[in-house]
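One structure below.
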Amino acid sequence: MSRRRCFANWNARNATVSEGATLSKHLSHVLALLEESLSLNGQTTHFTRETQLLGVLPELDSMAVASLLTGIEETFGISIGDDEIDGSVFATVGTLADFIEQKLS
């Protein structure tokens with residue numbers, strides 16, 4: 001399934017998360033990318049900004065990080081240098097969304 005189609009399908013089903021809290025646009029994209037890149041089988045429907053990623057999700061290994069970064073670059077039309085990435089970017093869903101927001105501004 002293409003990344004765009006996956007996101008469209010995910011977004012239609014999951015416009016809210018965690019007791020009805022509305023998601024920001026970038027957070028929605030991050031959750032869709034996590035879902036697709038890590039094959040989380042719907043787990044992201046329970047994710048919030050505070051959901052820990054690195055060191056908690058066994059699916060988030062070095063290959064998954066590379067795939068996720070490629071997905072972010074393609075989805076948002078940005079370029080991410082090696083020197084811009086460290087573990088803190090992948091600490092939580094929120095830190096990843098904030099990183100993207102920062103790159104887009």
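The values are calculated or read from the model by the stated rules, or taken from the named source; none is laboratory data. Note that the structure is predicted; figures quoted are calculated from it, not measured. Every residue, glycine among them, receives a Cβ derived from its backbone with ideal geometry; neighbour counts consider all protein chains shown. Surface areas here come from the heavy atoms of the whole protein model, side chains and all, with no ligands, DNA or RNA. Shrake-Rupley method; radii C 1.70, N 1.55, O 1.52, S 1.80 Å.
Only one of Ala66, Ala97 is free of Cβ contacts under 8 Å to residues at least 24 places away in the same chain and either under 15 Å from His26 (Cα atoms) or out of contact with any Lys or Arg (no Cβ under 8 Å at 6 or more places or on another chain) (or both). Can you tell me which? Before the answer, list the steps.
Values: Ala97 fails: free of Cβ contacts under 8 Å to residues at least 24 places away in the same chain.
None of the others qualify; the one that does is Ala66.
List the residue pairs whose Cβ atoms are under 7 Å apart, where the first residue sits in the range 32-53 and is touching a residue at least 24 places away in the same chain (Cβ under 8 Å), the second is assigned to a strand (DSSP E or B), and the two are 6 or more positions apart or on different chains.
Thr45/Val17; Phe47/Val17; Thr48/Val17; Arg49/Thr92; Glu50/Thr92; Thr51/Thr92; Gln52/Thr92; Leu53/Thr92
Step by step: first the residues of the range 52-64, then only those that are touching a helix residue (DSSP H, G or I) at 6+ places or on another chain (Cβ under 7 Å) and open to solvent by 30 Å² or more (accessible area, probe 1.4 Å), then the one that is nearest to Lys103 (Cα to Cα). Which residue is that?
As a first pass, look at the range 52-64 and keep what is touching a helix residue (DSSP H, G or I) at 6+ places or on another chain (Cβ under 7 Å): 53-54, 57, 59-60, 64.
Filter once more, so that each one left must be open to solvent by 30 Å² or more (accessible area, probe 1.4 Å): 54, 59.
Details: Leu54: 20, Glu59: 25 Å.
Looking at the filtered set, the residue picked out is Leu54.
Restricting the first residue to the range 73-94 and requiring it to be in contact (Cβ under 8 Å) with a residue 40 or more places away in the chain, which pairs with a second residue that is surrounded by 11 or more Cβ atoms within 10 Å (Cβ to Cβ) and polar (S, T, N, Q) meet a Cβ separation below 7 Å and a spacing of at least six or different chains?
Thr92/Thr51; Thr92/Gln52; Val93/Thr48; Val93/Thr51
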